[in-house]
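The values are calculated or read from the model by the stated rules, or taken from the named source; none is laboratory data. Predicted, not measured: the structure shown is a model, and the values here were computed from it. Glycine also receives a Cβ, built like all others from the backbone with ideal geometry; neighbour counts cover every protein chain displayed. Only protein heavy atoms, including side chains, enter the accessible area calculation; ligands, DNA and RNA are left aside. Shrake-Rupley method; radii C 1.70, N 1.55, O 1.52, S 1.80 Å.
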Amino acid sequence: GLIIDLRNNDGGSIDSILMSMLQRRAWAFWADPTGKGTATTNMHNAYRGHIAVLIDEKTYSDGETFAAGIKALGLGPLIGTRTSGAGIWLTNRSRVSDEGGARIAETPQYFADGSLLIEGRGVSPDYEVENTPLATYRGEDAQLQAAISLLRQKIVEEPVAPLVPRPLTLLGTTAGDYRLLD
């Protein structure tokens, strides 16, 4: 299982890169013609396991976008507390008379139906788990423990079968004279 911790994430701009990596699926393989080498997938770094994502009220901006994408694409459950709800991106292009700047929220994100993605409401977790101040002070992390427990359960209930492609073996001395092993 993979746990992605977005708590205290104050933004950036890599949500689409990370989600594209998490959506990769193996569909072809490279293998040693002798069948002795380790097969690799054509989609490098294609992750095939279960995913859980930790969020909290300090998950902001691109962290929220990533959480919303994980939820919308059904890549895994969100665990923790609702995010901040500040998804309209800011710019620095507004200059003032003393050459200072004013950051203005002006680039909203929205779904295909036109509704705002995050702004004003945030992203709600699939599993609401709060880390209380005293438990946090003691070094406890109920959200992380919930993610670990959930992934352990999913791994037992829905194991991911190993990829075992049928390797090619060389029949003769002519290049390209291969057959599938039965």
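Among the residues making up the stretch 1-25, those that are modelled with pLDDT of 85 or more, open to solvent by 70 Å² or more (accessible area, probe 1.4 Å) and either assigned to a strand (DSSP E or B) or more than 24 Å from Met43 (Cα to Cα) (or both) are Asp5, Asn8. Taking the condition over 17 Å from the mean Cα position of the chain (by Cα) and more than 15 Å from Asp15 (Cβ to Cβ), does Ser149 pass? The answer is yes for Ser149. Among the residues of the stretch 115-131, those identified as at pLDDT below 95, open to solvent by 60 Å² or more (accessible area, probe 1.4 Å) and of a type outside the set (Lys, Arg) are Leu116, Glu119, Gly120. Under the condition of being in contact with a Pro (Cβ under 8 Å, 6 or more places away or on another chain) and at pLDDT below 90, the residues counted in the stretch 38-72 number 1. With the structure loaded, tell me whether Ala147 is touching a Pro at 6+ places or on another chain (Cβ under 9 Å) and at pLDDT 95 or above or whether it fails that test. Taking the combined requirement at face value, the residue satisfies it.
Taking (1) in contact with a Phe, Trp or Tyr (Cβ under 6 Å, 6 or more places away or on another chain); (2) part of a loop (DSSP other than H, G, I, E, B) in turn, Ile79 satisfies each apart from (2). Suppose we filter the stretch 73-114 for residues that are at pLDDT 85 or above and open to solvent by less than 70 Å² (accessible area, probe 1.4 Å); how many remain? Qualifying residue count for the region: 12.
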